[in-house]
Structure formats: structure tokens, C-alpha cells
Amino acid sequence: MQYSALKILWEGLTGNTGWKPVWREPEPKSEYDVIVIGGGGHGLATAYYLAKEFGVSNVAVLEKGWIGSGNVGRNTTIIRSNYMLPGNEPFYELSLKLWEGLEQDFNYNAMVSQRGILNLFHSDPQRDAFARRGNAMRLAGADAVLLDQDELRKMCPFLDFDNARFPIKGGLAQPRGGTVRHDAVAWGYARGADQRGVDIIQNCEVNGFQIENGVCKGVETTRGPIRAKKVAVCVAGSSSRVMAHAGMRLPIESHVLQAFVSEGLKPVLPGVITFGAGHFYVSQSDKGGLVFGGDIDGYNTYAQRGNLPVVEDVCEGGMAIMPMIGRARLLRMWGGVMDMSMDGSPFIDRTSIDGLYFNGGWCYGGFKATPASGFCYAHLLARDEPASVATEYRLDRFLRGAMIDEKGVGAQPNLH
Amino acid sequence: MIINHPLLGPRDAAEFTCLGDAGLIDRPDWQTEDAQQQFHDYLYLRDNPAGTHRELWFHEQGDRSWLVITRNTLTHQIDKVELARDVAKAAGRDR
């Protein structure tokens, strides 16, 4: 079924009786060409692009719970491509371009809103660093605008420009950045994949791999064994647990990132704003709530909740740049478990086991990467070679000394 | 989380920073044939279990001691706190 304004009008006049379930609930077949483990944003996008762009539609997506129940439902919905390093920036710029055409592409309203992202700077050296990053972005075809304090005062008069400790001197803006309705991303990709013949199998947990003579031939699940020519793991947050079934140790630790939303307010923020001297970022949802977050808690955890010291730290960051946030009441807070990799960058690669592929290590930047991650993973699965923008996301890059460390803090996952 | 420090008693976890897996105590021998591979595994690969995990914590805003904490990564419950020095000595190290 194709969605359109005309369709809504017609259904409104005929009692809304013509709507159908958005995807099927098939029983698993005994064999597929490709099994994607993980029905989150990245897994569903992988299946969608496999079917749509690469002609591989004999695909199953296996999901432990219900689709979209992991990090695609727990993030702060921000999209941007303001990276610096050559291994990263072209990939994230591809992702942003895919976001721009996504709703037309999969015929689903994902509420992509390019309201802009603004990174504040607080000192002259930081201005230089941001100018350099902006130049790197523009070289990769992204947009970046360096704003001085006067321009910022017009755009965001509520900021604490004359803060005694961290005065706001300006910002690096990416006007094409913004926010997206996160759940709709999972649903849109699921619908698009299902329409092209992909089986989406929920409540089906993978608890083992069928590895014969060093080749992966399928998976063991709670709904029985399923054979496959290729098995694609895509379970960021639980990567170490799933890959342990194949006997692999990963350059990844699992950490929790907390996020917060305030009560609904009238429109006060023009877009996404981030603090340059601490770790705090905030945007306003279409319902009016201020959606914000900060640092990860900093210790290994699989609990989808954090601790209070980080809550205090995040709120201090908010008060430092926009004191008006202190008047808003907190409505909800939650935590998501993420793969923190050793250099802060992800992996899309083959593994040492033939037929077993790995996508993970997204740290807390996985949501914005969803379309490009799916596209590049599908490219790797269909053609057995990485897409041109994802050639650096290899599992062996630490052995080769080819880390992609945007922050330059080394193999210390809780500092990325 | 409250960390029951062996010398100082119960302390708020906010006083500490976490380094990660306690396996980082056992540095490989740099003179072995496959030292490069061993150091790669030591530096970059991690056991990352859902459940009991032994990890190194540093009492940065306290007595600056290193601790080995046995903690459940699913519940955040802390089962055991030892001085890292004692753990290293028990494993045969001189300090």
C-alpha cells in the first residue's frame, strides 16, 4: 500500500477501514540467502537496502524482542555529519544525504527536520579547532558555517554569553543537521523491506552460530535452527554477547548513555545546541519537550539505566549554557546500552569466520548513521567488498595502527 | 553506586574513575615472539560480559588507590572490593 495525502483523505471519508498491518509476521523459513541478526534501525536498513539496491530479497531479520526496541528507540534523534577525519566524514555525509531523501525513498513519514545543529565554542583555540573541523567538513561536501558571537546573539538570545567560566564566543553550525522521528525510521525501513519480500521475525533470539570448518552456515535461535549463506550481526549494544557465541572477543565495551526529556514547552530552541566546554546537547521535540543528554556513565554495564552523578553533571552543563533550562521540569529519563569501541569509531567488516559479518561499535553516534550503515553493510554483504565510504571501518585497524580516533584519547572507551 | 573501599569504608562511586577490565593488570611479556599480537589483544580486545565483571577503578578524588571491583554489569551490584596491589601480589607480582 502506497501512503499519500489522497489516501488519508479517502480513508477518512470511508471510516478508516482500509488500513493494513505495516509488515507481515511470517514463520521463519529453513534457509535464507542472508540473515540479519538485530531488528533495530541498522539491521532493518540493511535488509531494506539489500532488497532495494542490491537485489537480494531472500533475507530474514531476526529480532530478540520487537523491532525497534533497542537503541533506535532510546536515542536523542539527532542527525549531523560534523566529523573531521577522512575515514569518518564522507560516510556520515552520505548518511545525511540519505536522510534528506529518505521519506520519499521509503514512502513513510519519518519527520526528518533539518533545523540545524550548533556546536558552541568558548575560547580562541577552540574556535581554531572548530574552523579546522568546518573546513574538513566542507572538503567532504558537507555544509559548515562559523558564527561569531553577534550572529549567535540574534539566533539564540537565551544563551549565557557572558558566563564567567565558559563565555560563549561563537559556534560552528551545520544547517543541514537536525532531528528525525526515531521510531518511524525503524517502522519505515521495516515496511519497505517487508514490501520487497524480507521476512521480519520478531521474538526470535539468536543463541548460537552453526560454524562448520571455519564457515558460518546458519544460526541457532529460540525458534529453531535457520540456515543461511551469509549471517550479518547488527546488534550494537550487545555485540560482545552475540559474537561470544562465535568465540570472538571484540575491541568493544558496553556502556550506558542517559537521556532526558522535559515537560512540553512553547518553541524555545531553533535547533540542536551543544556545549563546547563540557558534554551537553539539547534539542526540542515537536511535542515541545527539551530532549537532552551528556556523557556516558563510564563503567561497563548492560543495565538500561544509569546513576545519579551523571544526571547532576548533565544538568550542570545545561545550566552553564542556557540557565533558563533550570525552570523546566524533568519529565522522563532513560538509558541505552551502547558499544563503545577503542577509538570511538564503528566497524562494518567481514570477520575471520567466512560467511559471518559484523556491524557494531557505534558508540553514541549510531542513530545518525542508520541509513549509511544499512547501505554500506548491504553493499558489503551483496558484493563482498566495502562501500567506498566505509573502507576504514575494519576490525583489524588497531593491529595496523589505522585507528579513527576523532577525540585522540586512545584505547579508553569511556573517554570517547 | 557505593563502593566499599577496603581502607576507607563506603564511598560514593562519583569519587572514582573506571579503567575497565581487571585483565589490564596482566601486561604481556614484550620479549616473546608474538609480542605484537599479544599487546594488540591486551590493549584493544576486551571481555565484555553481561554479568559478573572484574574491573579496575581508581580513587581519583580520594586516596588515589587502585581497586579491583567485582561487579554485576546487569544489576550494578558490587560483590567484592580489593586493593589492586593485593591482587597483583597474589598473582606473583612484586608490587
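Would you please give the FRET efficiency between B:Asp26 and B:Ile2, computed as 1/(1 + (r/R0)^6) with r the Cβ-Cβ distance and R0 = 35 Å, to the nearest 0.05?
Working: r = 28 Å, r/R0 = 0.80.
According to the calculation, E is roughly 0.80.
At 1.4 Å probe size, put A:Arg176, B:Arg64 in order of accessible surface, largest to smallest. Can you show the working numbers first?
Working: A:Arg176 50, B:Arg64 140 Å².
Putting A:Arg176, B:Arg64 in descending order of accessible area: B:Arg64, A:Arg176.
State, in square angstrom and to the nearest 100, the accessible area buried between chains A and B, both chains counted, probe radius 1.4 Å. Present the calculation step by step, with values, prior to reporting the outcome.
Working: alone 18030 and 6610 Å², together 22430 Å².
Rounded to the nearest hundred, the buried surface is 2200 Å².
Hand me the chymotrypsin sites (Phe, Trp or Tyr not before Pro) from region B:1-50 located in a DSSP loop with no more than 12 other Cβ atoms within 10 Å, in residue order please.
Working: sites: B:Phe16, B:Trp30, B:Phe39, B:Tyr42, B:Tyr44; in loops: B:Phe16, B:Trp30.
For chymotrypsin sites (Phe, Trp or Tyr not before Pro) across region B:1-50 that sit outside H, G, I, E and B with at most 12 neighbouring Cβ atoms in 10 Å, the list reads B:Trp30.
I'd like the Karplus ³J(HN,Hα) series for region A:395-404: coefficients 6.51, -1.76, 1.60, θ = phi - 60°, whole numbers in Hz, and an x wherever there's a Gly or Pro.
My calculation for region A:395-404 gives 6, 8, 5, 6, 5, 8, x, 10, 5, 10 Hz in order.
Using amide H atoms built in the peptide plane, which far-off residues or other-chain residues are under 5 Å from B:His5 H to H?
Residues meeting the amide H criterion: B:Arg11.
Long-range amide H contacts for A:Arg249: which residues qualify at under 5 Å (H placed 1.01 Å from N, peptide plane, sequence gap of 5 or more or a different chain)?
So A:Arg249 has HN proximity to no qualifying residue.
Give a residue-ordered list of calculated ³J(HN,Hα) values for region A:409-414 (Karplus: 6.51 cos²θ - 1.76 cosθ + 1.60, θ = phi - 60°; whole Hz; x for Gly, Pro).
Once θ is set to phi - 60°, the couplings for region A:409-414 become 10, x, 7, 10, x, 6 Hz.
Please return the longest range in chain B lying between exposed loop sites, taking GluC sites (Glu not before Pro), DSSP loop only, at most 12 other beta-carbon atoms within 10 Å, and leaving the sites out.
With GluC sites (Glu not before Pro) excluded where exposed in loops, chain B gives B:61-95 as its longest stretch.
If you average the C-alpha positions of region A:399-416 and of region A:106-140 separately, how far apart do those two centres end up, in angstrom?
22 Å
How much length would be gained if the chain were fully extended between A:Asn16 and A:Asp160, taking 0.36 nm per residue of separation minus their Cα-Cα distance, in nm to one decimal?
Stretched out fully, the A:Asn16 to A:Asp160 stretch lengthens by 46.9 nm.
I want the antiparallel fraction of DSSP beta bridges within the protein assembly as shown, as a percent rounded to 5.
For the protein assembly as shown, the DSSP antiparallel bridge percentage is about 75.
Cα to Cα, under 12 Å, and not fewer than 8 places away if on the same chain: which aspartates and glutamates meet these conditions relative to A:Lys64?
List returned: A:Glu205.
Holding the Cα-Cα limit at 22 Å, pick out from A:Lys29/A:Lys230; A:Lys97/A:Lys169; A:Lys97/A:Lys368; A:Lys7/A:Lys266 the pairs that are longer than that.
Values: A:Lys29/A:Lys230 15 Å; A:Lys97/A:Lys169 30 Å; A:Lys97/A:Lys368 11 Å; A:Lys7/A:Lys266 32 Å.
Those over the limit are A:Lys97/A:Lys169; A:Lys7/A:Lys266.
Tell me the mean residue ellipticity at 222 nm calculated for chain A from its helices only (DSSP H runs of n ≥ 4, each -39500 (n - 2.57), averaged over every residue, nearest 500). All intermediate terms of the calculation are to be shown ahead of the outcome.
Values: 9 runs with 111 residues, N = 416.
-8500 deg cm²/dmol, from helical runs alone.
Along region A:299-316, what does the Karplus equation 6.51 cos²θ - 1.76 cosθ + 1.60 (θ = phi - 60°) give for ³J(HN,Hα), rounded to whole Hz, x for Gly and Pro?
9, 4, 7, 10, 7, 7, 7, x, 10, 5, x, 6, 4, 4, 4, 5, 5, 4
Dipole magnitude of the protein assembly as shown about its Cα centre, charges +1 at Lys/Arg Cβ and -1 at Asp/Glu Cβ only, in debye to the nearest 20? Don't jump to the answer; show the numbers that get you there.
Numbers: 53 positive and 60 negative charges, 203 e Å.
Roughly 980 debye, rounded to the nearest 20.
Using a 7 Å offset from Cα along Cα-Cβ at A:Asp286, what residues in region A:159-203 end up with backbone N under 19 Å from the label point?
Those under the cut-off are A:176-192.
Average partner chain C-beta neighbours within 10 Å, per residue of A:297-309?
On the way: counts 4, 6, 14, 12, 8, 10, 6, 0, 1, 1, 5, 4, 5.
The shielding value for this peptide is 6.
Counting other C-beta atoms within 10 Å, and keeping those with at most 13, which DSSP coil chymotrypsin sites (Phe, Trp or Tyr not before Pro) do you find in region A:33-98? Present the calculation step by step, with values, prior to reporting the outcome.
Details: sites: A:Tyr48, A:Tyr49, A:Phe54, A:Trp66, A:Tyr83, A:Phe91, A:Tyr92; in loops: A:Phe54, A:Trp66, A:Tyr83.
When the chymotrypsin sites (Phe, Trp or Tyr not before Pro) of region A:33-98 are filtered for loop state and at most 13 Cβ neighbours within 10 Å, A:Trp66 remain.
Pull up all non-local amide H partners of A:Thr301: gap of 5 or more, or a different chain, and H-to-H distance under 5 Å with H placed in the peptide plane.
Amide H to amide H, under 5 Å and 5 or more residues apart or across chains, A:Thr301 pairs with A:Ser254, A:His255, A:Val256.
Angle, helix B:35-44 long axis vs. longest principal axis of chain B, Cα atoms, 0 to 90°, nearest 10?
30 degrees
Taking the 0 to 90 degree range and rounding to the nearest ten, how far is the long axis of helix A:182-195 tilted relative to the main principal axis of chain A, both from C-alpha atoms?
Its long axis makes an angle of about 30 degrees.
Compare the Cα positions of A:Leu356, A:Val337, A:Pro323 along the charge dipole of region A:294-364 (+1 at Cβ of Lys, Arg; -1 at Cβ of Asp, Glu; about the Cα centre) and return the one farthest towards the positive end.
The listed residue farthest towards the positive side: A:Pro323.
Okay, which of region A:21-56 sit inside 17 Å, backbone N to the point 7 Å along the Cα-Cβ direction of A:Val215?
A:31-35
Work out how much length A:Met324 to A:Met1 would gain on full extension: take 0.36 nm times their residue separation and subtract the Cα-Cα distance, in nm to one decimal.
In short, 111.7 nm is gained.
Using +1 at the C-beta of Lys and Arg and -1 at the C-beta of Asp and Glu, which of A:Ser57, A:Thr77, A:Ala47 has the Cα lying farthest in the positive direction of the dipole of region A:39-155?
Going by the Cα projections, it comes out as A:Thr77.
Would you mind classifying the protein assembly as shown by shape? Square roots of the alpha carbon gyration tensor eigenvalues, ordered a ≥ b ≥ c; an a/c under 1.5 is rounded, otherwise it is prolate if a/b is larger than b/c and oblate if not. Before the final figure, lay out each step's value.
Working: a/c = 1.61, a/b = 1.08, b/c = 1.50.
Taking the square roots of the gyration eigenvalues as a ≥ b ≥ c, the protein assembly as shown is oblate.
Take every Cα pair under 8 Å in chain A that's 6+ residues apart, average their separations, divide by the length, and report that relative contact order as a whole percent. Don't skip to the answer; put the middle values down first.
Details: 949 pairs, mean separation 91.3, N = 416.
Once divided by the residue count of chain A, the mean separation gives 22 percent.
The values are calculated or read from the model by the stated rules, or taken from the named source; none is laboratory data. Owing to the predicted nature of the structure, the values given are computational and were not obtained by experimental measurement. Glycine gets a Cβ as well: all are built from the backbone with ideal geometry, and neighbour counts include every protein chain shown. The protein model used for the area step is the full one, side chains on, heavy atoms only, and it has no ligands, DNA or RNA in it. Shrake-Rupley method; radii C 1.70, N 1.55, O 1.52, S 1.80 Å.
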